[in-house]
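The values are calculated or read from the model by the stated rules, or taken from the named source; none is laboratory data. These numbers were taken from a predicted model, which means no experiment stands behind them. Neighbour counts run over all protein chains shown; Cβ positions are idealised from the backbone, glycine included.
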Amino acid sequence: MGAISIPVEPKTKPANAPLRPNSQFTGSISRILKQPIMRPSSRILIAFAALAMGIMLWQPIWRIDLWAPQYPEGLVLQIYHDSFTGNVDQINGLNHYIGMAVIQNDMFPEFEIMRYAIGLLIVWGVAAALIGRRWALGSWLMGLFAFIIWSMWDMYSWGYKYGHDLDPHAAIKIEGMAYQPPLFGHKTLLNFEAWSFPDVGGYVLFGSIVIASLVFLYEWRKPRLANSSK
């Protein structure tokens with residue numbers, strides 16, 4: 001007597017079965033890459049914000065202003081992407097008496113690469129405008145914020161070393177006194193009032209970040225507004 005074969009129906013995946021982790025990840029990436037194209041006006045603003053950052057290549061990015069009764073006209077130290085300018089010699093002459101190091105361009109090895117970092121951010125922003133999708137703009141924003149954080153930390157580290165590593169044989173020594181310049185805002189150093197603020201290039205950089213952030217938020221809200229109107 002022959003064996004009886006019972007047909008077995010192939011197992012089918014329920015329609016509401018959860019996706020595997022790999023499928024979920026692939027689906028998320030696919031949705032991100034297929035985001036709708038941003039409005040032409042938004043893309044123009046992104047390109048403008050990126051190209052405007054080129055100003056940092058020939059205008060000062062940051063400045064430190066000093067004022068004292070013996071210097072009523074004030075002293076200024078301007079920081080470009082590749083050099084220090086302003087009243088550098090006068091500031092060095094004053095700092096010599098309290099044992100601070102001589103300010104010179106060699107103090108910042110970053111000056112050698114700063115032009116390339118700025119150029120990369122400009123190209124990145126223009127590419128985001130050409131791609132025209134929100135994920136491209138978001139990646140540029142993350143690059144801009146990373147650049148800001150790195151720059152501020154680098155400047156703080158330089159200022160700390162510059163104001164604390166003093167010559168023990170200096171003519172004027174005050175026990176426990178440090179001369180670290182302010183990273184941002186105002187600080188009193190002996191009889192000098194010091195202010196640290198962005199200069200032309202710095203304001204352009206922050207303006208570009210504001211424009212890019214507002215465009216991102218606007219384009220992010222657009223699909224939600226469209227869905228709520230149905």
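Values as computed for the structure displayed
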read-out	value
Residues of region 176-222 classified as among the acidic types (Asp, Glu) and either over 21 Å from the mean Cα position of the chain (by Cα) or not in a loop (DSSP other than H, G, I, E, B) (or both), total	2
Members of region 131-184 that are among the β-branched types (Val, Ile, Thr) and surrounded by fewer than 16 Cβ atoms within 10 Å (Cβ to Cβ)	ILE148, ILE149, ILE172, ILE174
Among (1) part of a helix (DSSP H, G or I); (2) without any contact (Cβ under 8 Å) to a residue 24 or more places away in the chain - the single one PRO109 does not satisfy	(1)
Residue match in region 12-28 (condition: at pLDDT 90 or above, within 30 Å of TRP140 (Cα to Cα) and either loosely packed, with under 10 Cβ neighbours inside 10 Å or hydroxyl-bearing (Ser, Thr, Tyr) (or both))	no
Pair list, Cβ < 9 Å and 6+ apart or interchain, from region 125-142 residues that are closer than 12 Å to PHE48 by Cα to residues that are not in a helix (DSSP H, G or I)	ALA129/MET38
Only one of TYR80, TYR71 that is of a type in the set (Ser, Thr, Tyr) and crowded, with 19+ Cβ neighbours inside 10 Å	TYR80
Where a residue in region 56-85 is over 16 Å from ASN105 (Cα atoms) and without any contact (Cβ under 8 Å) to a residue 24 or more places away in the chain and its partner, wherever it lies, is among the polar types (S, T, N, Q) and surrounded by fewer than 16 Cβ atoms within 10 Å (Cβ to Cβ), with Cβ under 6 Å and at least six apart	LEU75/GLN90
Of all residues in region 83-127 being under 18 Å from PHE197 (Cα atoms) and among the β-branched types (Val, Ile, Thr), the one that is surrounded by the fewest Cβ atoms within 10 Å (Cβ to Cβ)	THR85
Residue satisfying condition, being aliphatic (A, V, I, L, M) and either touching a Lys or Arg at 6+ places or on another chain (Cβ under 9 Å) or without any contact (Cβ under 8 Å) to a residue 40 or more places away in the chain (or both), within set ALA146, ALA171	ALA146
Pair list, Cβ under 7 Å, 6 or more apart: region 186-201 residue more than 23 Å from GLY176 (Cα to Cα), other residue among the aromatic types (Phe, Trp, Tyr) and assigned to a helix (DSSP H, G or I)	PRO198/PHE206
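This table checks each residue for (1) in contact with a Gly (Cβ under 6 Å, 6 or more places away or on another chain); (2) closer than 30 Å to ARG221 by Cα; (3) in a helix (DSSP H, G or I).
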site	(1), (2), (3)
ILE44	no, yes, yes
ALA52	no, yes, yes
TRP67	yes, no, no
LEU75	no, no, no
GLY93	no, no, yes
ALA129	no, yes, yes
